[in-house]
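Just so it is clear, none of the values below were taken in a lab; they were calculated from the coordinates. Note that the structure is predicted; figures quoted are calculated from it, not measured. Cβ atoms come from the backbone with ideal geometry, glycine included; neighbour counts cover every protein chain shown.
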Amino acid sequence: MKKPSKPATAAASTAAEPGPATETQRPPAEVLYAAELEALRASDTFPRPPGWRLSPRAARTFILGDEARGIRKKFVGHPSLVDRAMIALSSNRGLMLIGEPGTAKSLLSELLAAAICGQSTLTIQGSAGTSEDQIKYSWNYALLLAEGPTLRSLVPAPLYQGMRDGTIVRFEEITRCPLEVQDLLLAALSDRVMAIPELEDGKQLFAKVGFNVIATANTRDLGVNEMSAALKRRFNFETVFPIADYAVELALVRSETQRHLERSGVPTMPGEQILELLVTTFRELRDGRTEDGQAIERLSTAMSTAEAVSVAQAVSLRSHYLQGAPATPADLVECLVGAAIKTDKNDVALLRRYFEQRVAKRKGQHWQDFYAARHALPA
């Protein structure tokens, strides 16, 4: 049976960050940070769990960063969350990351997989249409007809590959899958075995050391397809919370926006006042209260940090490609609409009320310009 190609190594990567000419829109973490991973592995003298490429201490450094060693901080969250996640993965229990949309659950799972096994691309994307063959294995029907069910005609899916190779499997948005699809993980997580009844000898695949599962679920999706009690018992649950500190979120939005724009070849960044308007608006509409403690109605849309970065990037692209001038608060209002108003028509009224009752009272010319541009909001 043909083995899958190995993930790229440091030798295959010429730069830690791809430039504007890079054809791949979003390289996986093990390619994007190949040099960092290789440097950490070369100097890693701490004990490692069986099957891990890095020790938990080196993996923590890779995720949380170390300025003195030139390791970029990639996840903004409490270090204890990262520590608990790694301890769960070093045991025979899976890891379940839950939280609001846009709190970097998927990013954390990708970074953990890249640090632990050097491969983050064994991913199952959960949806109402996810089926068993997308999780476990399917068949090459030409070979199946010619040879019957053999290992040569079997086409491995992520769970099969992870168990065979001893690597991390990522299951994104698991609660969007029907209950019977979710429960396909039970045998893999409890007995570490996968039955393949189609083979004549009833072959079973036993998981290699290093195999585990990281699943993610949005708190807004948890009620869509509630997980069975049996499956819950096989996971350690960790909640990823939104960023609590304004200054930390502002700095993250600034740095991530700059990184995305550099990769796009766009030289202009939104000004500090634009970023202040953006982050403050997102935080207040997400938390349901203003900076001075006044209660406001929350939007149904998840006003996440990830969405804020997307809006900041859109503002810069708009000013660069369409305006040919520095971004203004009016550009921010135009780009804000697409992020804040998605499905619930009541959000339009709530956003207009926020401008009339809160933005209008703020001091500063940039806030007044922001308020003056409210005509761009849908009627």
Using the Cβ atoms and a cut-off under 12 Å, what net charge is assigned to the surroundings of Met303, where Lys and Arg are +1 and Asp and Glu are -1?
-2
Once you've got the Cα coordinates, tell me which of Lys105/Lys361; Lys73/Lys136; Lys74/Lys232; Lys342/Lys363 are over 31 Å apart.
Lys105/Lys361; Lys73/Lys136
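On full extension of the chain, what length is gained from Glu297 through Ala195, given 0.36 nm per residue of separation minus the C-alpha to C-alpha distance?
Fully extending the segment from Glu297 to Ala195 adds 31.6 nm.
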Measuring from its Cα centre, the chain shows a charge dipole (+1 at each Lys and Arg Cβ, -1 at each Asp and Glu Cβ) which, in debye to the nearest 20, is 480
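For a test of the definition: using alpha carbon positions, the gyration tensor, and the 1.5 limit on a/c, classify region 63-210 as rounded, prolate or oblate.
Because a/c hits 1.5 or more and a/b exceeds b/c, region 63-210 counts as prolate.
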Round to the nearest 0.05 the FRET efficiency obtained for Thr268 and Asp83 when R0 = 41 Å and r is the Cβ-Cβ distance.
0.55
Using a/c under 1.5 as the rounded threshold, could you call region 52-121 rounded, prolate or oblate? The axes a ≥ b ≥ c are square roots of the C-alpha gyration tensor eigenvalues, and prolate needs a/b larger than b/c, oblate otherwise.
oblate
By the scheme Lys and Arg +1, Asp and Glu -1, what is the net charge of all other residues having a beta-carbon under 12 Å from that of Cys335?
-2
Which shape class applies to region 302-379: rounded if a/c is under 1.5, otherwise prolate when a/b exceeds b/c and oblate if not, where a ≥ b ≥ c are the square roots of the Cα gyration tensor eigenvalues?
oblate
Considering the values [x] 66, 47, 45; [y] 52, 51, 44; [z] 75, 44, 41, which represents Cα extents along the principal axes in Å as calculated for the structure under consideration?
[z]
Chain lengthening between Val155 and Arg57 when straightened (0.36 nm per residue, less Cα-Cα):
31.7 nm
In whole angstrom, how far apart do the alpha carbon centroids of region 185-229 and region 257-304 sit?
38
How high is the relative contact order of region 24-239, in percent, counting Cα pairs under 8 Å that sit 6 or more residues apart?
24
Among 110-119, 29-38, what's the highest-first ranking by average C-beta atoms within 10 angstrom per residue?
110-119, 29-38
Restricting the count to DSSP beta bridges whose residues both fall in the chain, what percent are antiparallel, rounded to a multiple of 5?
30
Positive-end residue, the chain charge dipole about Cα centroid, Cβ charges, pick of Pro27, Phe206, Ser109:
Phe206
